[in-house]
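Engineer: This is the structure, below, for whatever I ask next.
A short reminder: the numbers here are calculations on the coordinates, not readings from a lab. Remember, predicted model here, so these are calculated numbers, not experimental data. Using ideal geometry, Cβ is built from the backbone for each residue, glycine included, and neighbour counts are taken over all protein chains shown.
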Amino acid sequence: MTPNIKHGEHLLVNQLAYINLKVPLQHQIIVSNNPSRGDIVIFKAPKNTKKNLIKRVIGLPGDTVEIIHGNVFVNGTKLTETYTQRNLNLHNPKIKVSENNYFVLGDNRSASNDSRDWGTVPIKNISGKAWVTYWPFTSFSIEKHG
């Protein structure tokens, strides 16, 4: 996630950010929060669920994501991404994000293992939203999303 989150930094994670509360027996939703495009999320690694990864949400359920010459397009519209390092000439074919899944990318695209490699992340694997970098103290910051 360089340059925004560096290797070795420690984070506080908001594990209530994506909680969905329902009234029992009435099937009525009180609170429903899902990840938004640009959120920095923590989730179980697809190939090793004992390991957590941190990436940025790019594609939401129902979106089509494509990477052409290092530019990310969502539903045919080029994203303006001020948080990434300049990419190499990366390409990725169109991917349709299925229901309850998210397409995630690292901010350092040329060195990131992400949805381009192993596909989308199910909502059930997302454990929270990056909140505060607290260590080392000289890196203290509130994480910027979106």
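Engineer: By per-residue mean of other Cβ atoms within 10 Å, what is the highest-first order of 103-114, 60-71? All intermediate terms of the calculation are to be shown ahead of the outcome.
Structural biologist: Numbers: 103-114: 19.0, 60-71: 15.5.
Highest to lowest by the protection proxy: 103-114, 60-71.
Engineer: Now a separate question. Can you check what the net charge comes to around PRO93, using other residues whose Cβ is under 12 Å from the Cβ of PRO93 (Lys, Arg +1; Asp, Glu -1)?
Structural biologist: On the way: positive: LYS94, LYS96, ARG116; negative: GLU66.
Counting the neighbours of PRO93, the net charge comes to +2.
Engineer: Among 78-85, 120-127, 51-58, how do they line up from the highest to the lowest mean number of other beta-carbon atoms within 10 Å?
Structural biologist: Going from most to least packed, we get 51-58, 120-127, 78-85.
Engineer: Could you pull out the pairs from LYS51/LYS78; LYS96/LYS129; LYS50/LYS94; LYS50/LYS78 whose alpha carbons sit more than 27 Å apart here?
Structural biologist: LYS51/LYS78; LYS50/LYS94; LYS50/LYS78
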